[in-house]
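Worksheet: the structure to be examined is printed underneath.
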């Protein structure tokens with residue numbers, strides 16, 4: 001009987017980079033808010049971006065730690081994650097969330113347009129909502145075209 005192959009967990013520095021950058025952004029946001037309370041920029045954006053980066057970095061770190069503790073289980077989890085059925089389910093969930101985002105953004109644009117009808121001047125909020133309604137469709141169509149061209153070769 002064959003001995004199972006020992007799998008060495010891959011080292012991924014992006015988790016540490018994301019966590020370090022996220023913590024730095026968060027600290028800079030707090031320091032700016034306490035040192036310069038009247039600053040023009042909203043420091044909560046820096047703090048929120050720091051939290052987001054930290055969250056993104058923690059996921060690969062936890063996976064790496066779990067892979068070091070039990071390499072065989074990590075290998076099984078990786079194979080299950082790359083399974084065609086799991087990939088198809090994730091793709092369908094992403095498509096449904098894309099459609100939901102498209103519909104809700106379009107409804108927000110429609111409602112906002114109705115509420116602000118007749119106001120003179122350029123409205124940056126309307127322009128942003130319009131961009132957010134159109135941009136996902138353009139990205140989706142572009143990716144479908146690119147994937148069809150490059151994945152069929």
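Quick notes
- If the condition is being exposed (fewer than 10 other Cβ atoms within 10 Å of the Cβ) and modelled with pLDDT of 85 or more, then the range 70-90 contributes no residue at all.
- Looking at the range 27-140, the helices (runs of 4 or more DSSP H) lying wholly inside it that each contain 2 or more residues that are touching a helix residue (DSSP H, G or I) at 6+ places or on another chain (Cβ under 6 Å), in contact (Cβ under 8 Å) with a residue 12 or more places away in the chain and closer than 30 Å to residue 13 by Cα sit at 43-69.
The values are calculated or read from the model by the stated rules, or taken from the named source; none is laboratory data. Just so it is clear, the model here is predicted, and its values are computed rather than measured. Cβ coordinates were reconstructed from backbone atoms using ideal geometry, including for glycine residues, and neighbour counts include every protein chain displayed.
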